[in-house]
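To keep things clear, I will list the structure first and then write my remarks on it.
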Amino acid sequence: MTTQMIILNGGSSSGKSGIVRCLQAVLPDPWLVFGVDSLIDAMPARMQTSESDGGIEFAADGGVTVGADFRALEQAWAKGVVAMARAGARIIIDDVFLGGAAAQQRWQKLLDPGLNVLWAGVRCESEVAAGREIARGDRVRGMAASQADAVHEGVVYDVEVDTTHTESLACARVIAAHVN
């Protein structure tokens, strides 16, 4: 069966975005990309402050807390993405499973048994991810280190790559080799 979705999970600054761009270049068919960062950017600014009980909050130490309003919008967004895959679009998801296995289960509940999904784990040693985080300058320090291992807890993958010492293109080729 033809792969219709690729879901990449990895911590902040693990290299998912670079891999996604490379996947779009190496895969023969056109693939659309949707990421959790774009979802957050699309939300009202007030949902990203400490005054919001239901949104998403980025703590000074890199911790991330999500509320019910965020989860409701995330669920609606994910349902829309899955509907596009059902309609024939090939979709790549760039996500951060803050809840580990529970986050994967939220996606699994939305996916039809007939929808072929490739689950890809993107790992990176926490020290390397933290260095990338500092170099980027657009992340709260501490997110990369706190998420490096936690996002993978209990998650089951079809393929895993490690960007600690491997370039995005090489990782993308490993993932692409698993796409039917």
- Note on the structure: Only unsatisfied item for residue 92, checking (1) over 28 Å from residue 29 (Cβ atoms); (2) of a type in the set (Val, Ile, Thr); (3) touching a residue at least 24 places away in the same chain (Cβ under 8 Å), is (1)
- What do you reckon, is residue 117 under 27 Å from residue 88 (Cβ atoms), touching a strand residue (DSSP E or B) at 6+ places or on another chain (Cβ under 6 Å) and modelled with pLDDT of 95 or more? yes
- Could you check residue 115 against (1) exposed (fewer than 13 other Cβ atoms within 10 Å of the Cβ); (2) assigned to a loop (DSSP other than H, G, I, E, B); (3) over 18 Å from the mean Cα position of the chain (by Cα) and say which number it fails? (1)
- Item | Hits in the stretch 97-112 - residues which are more than 17 Å from residue 3 (Cβ to Cβ), open to solvent by 30 Å² or more (accessible area, probe 1.4 Å) and not in a loop (DSSP other than H, G, I, E, B) | 102, 105, 106, 109
- Item | Subset of the stretch 13-44 [of a type in the set (D, E, K, R) and free of Cβ contacts under 8 Å to residues at least 24 places away in the same chain] | 41
- Task: Please specify each residue of the stretch 123-180 satisfying the condition of being in a helix (DSSP H, G or I), over 23 Å from residue 99 (Cα atoms) and either of a type in the set (Gly, Ala, Ser) or open to solvent by 80 Å² or more (accessible area, probe 1.4 Å) (or both).
- Result: 131, 134, 135, 136, 168, 170, 172, 173, 176
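The values are calculated or read from the model by the stated rules, or taken from the named source; none is laboratory data. The structure displayed is predicted, hence computed values, not measured ones. Glycine gets a Cβ as well: all are built from the backbone with ideal geometry, and neighbour counts include every protein chain shown. For the accessible areas, the whole protein counts, side chains as well, though only heavy atoms, and no ligand, DNA or RNA atoms are used. Shrake-Rupley method; radii C 1.70, N 1.55, O 1.52, S 1.80 Å.
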